[in-house]
């Protein structure tokens, strides 16, 4: 991994709010929907979706990542402020690589990261305040 990638990853881990893996957060990554790089997918976050240990409901996607490639994940939410977690592809525990949340009053969460290894990455979207609503998520390779 490049030095820049390590710095980005280290900064991301600092911002994870103490949650370090999928099990601690209560995320079942086995139920994630596949998303192709370069594609966008729509979901609805509602009360019958799975819930994190801390209470808010979430939706999960999984995409294939390649070591040292930089990707950008973007969430456009309607009616709520999205929070997004990106988990590494290790079997267990699946550690949080990055947590992204929007600025005040903004319905967009965005994260860009150099991937540390090749494998299936899981991204979880939840509402910061437990709201419901529709959202779009995309994964793009970036230079």
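The values are calculated or read from the model by the stated rules, or taken from the named source; none is laboratory data. Note that the structure is predicted; figures quoted are calculated from it, not measured. When we count neighbours, we look across all protein chains shown, and the Cβ atoms used for this are built from the backbone with ideal geometry, even at glycine.
Here are the numbers for the structure shown:
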quantity: Among (1) in contact with a helix residue (DSSP H, G or I) (Cβ under 8 Å, 6 or more places away or on another chain); (2) at pLDDT 80 or above; (3) within 19 Å of residue 138 (Cα to Cα), the one test that residue 29 misses; calculated: (2)
quantity: Residue 61 being touching a helix residue (DSSP H, G or I) at 6+ places or on another chain (Cβ under 8 Å) and either more than 23 Å from residue 30 (Cα to Cα) or not in a loop (DSSP other than H, G, I, E, B) (or both); calculated: no
quantity: Among (1) out of contact with any helix residue (DSSP H, G or I) (no Cβ under 9 Å at 6 or more places or on another chain); (2) under 18 Å from residue 32 (Cβ atoms); (3) crowded, with 19+ Cβ neighbours inside 10 Å, the one test that residue 74 misses; calculated: (3)
quantity: Residue, modelled with the lowest pLDDT, within the stretch 119-143, restricted to residues that are touching a strand residue (DSSP E or B) at 6+ places or on another chain (Cβ under 8 Å), farther than 13 Å from residue 78 by Cβ and not in a strand (DSSP E or B); calculated: 128
